[in-house]
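Okay, so here's the structure we're looking at.
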Amino acid sequence: MEGARRRTMIDLQDVRFRWRPQDAPVLDIPSFTVAAGERVFLAGPSGSGKTTLLNLLGGVAQAEAAASRSTASICRRFPAPRATRCGPNASASSSRCST
C-alpha cells in the first residue's frame, strides 16, 4: 500500500497537560499524528510523560489544551477492545496469543 494515503487514527495538536494548575506542564505536544497501521514506540526516562500520554489517549486524563481533536473524539475512532484469553485453558481460536 505504498504511496496510498492512510487514514489518521491519532491527531494531537497543541496538547498540554499538568497535574495541578500551579505546576509546570508535564506534557506539551505541538503536534503528534499516527496513521492507521503505523506502529509507535514511546521511549523516554521515568517521569517523561509516556504513561500520561497514554492516559490522555485512553480518556483516563484530560488535557488542559487541545486545538485539534479532543482525546475523547480520538478514542471514539478506535474499535472497542475485545478480551482475549491466553494460557492453558485458551481456545484454539486465540490466535493473538503467542508462546
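Which of the residues belonging to segment 33-62 are touching a strand residue (DSSP E or B) at 6+ places or on another chain (Cβ under 8 Å) and surrounded by 15 or more Cβ atoms within 10 Å (Cβ to Cβ)? Residues satisfying the conditions are Val34, Gly49, Thr52, Leu53, Leu56, Leu57, Ala61. Within segment 34-61, if we keep just the residues that are in contact (Cβ under 8 Å) with a residue 24 or more places away in the chain and in a helix (DSSP H, G or I), the residue that is farthest from Ile10 (Cα to Cα) turns out to be Thr52.
Pairs linking a residue in segment 5-33 that is touching a residue at least 60 places away in the same chain (Cβ under 8 Å) to a residue that is in a loop (DSSP other than H, G, I, E, B), with Cβ atoms under 6 Å and 6 or more positions apart or on different chains, are Met9/Ala36; Asp11/Ser68; Asp11/Arg69.
Readers should treat all values here as calculations from the given coordinates under stated rules, not as data from a laboratory. On a predicted model such as this, the values are computed, not experimentally measured, just so you know. Every residue, glycine among them, receives a Cβ derived from its backbone with ideal geometry; neighbour counts consider all protein chains shown.
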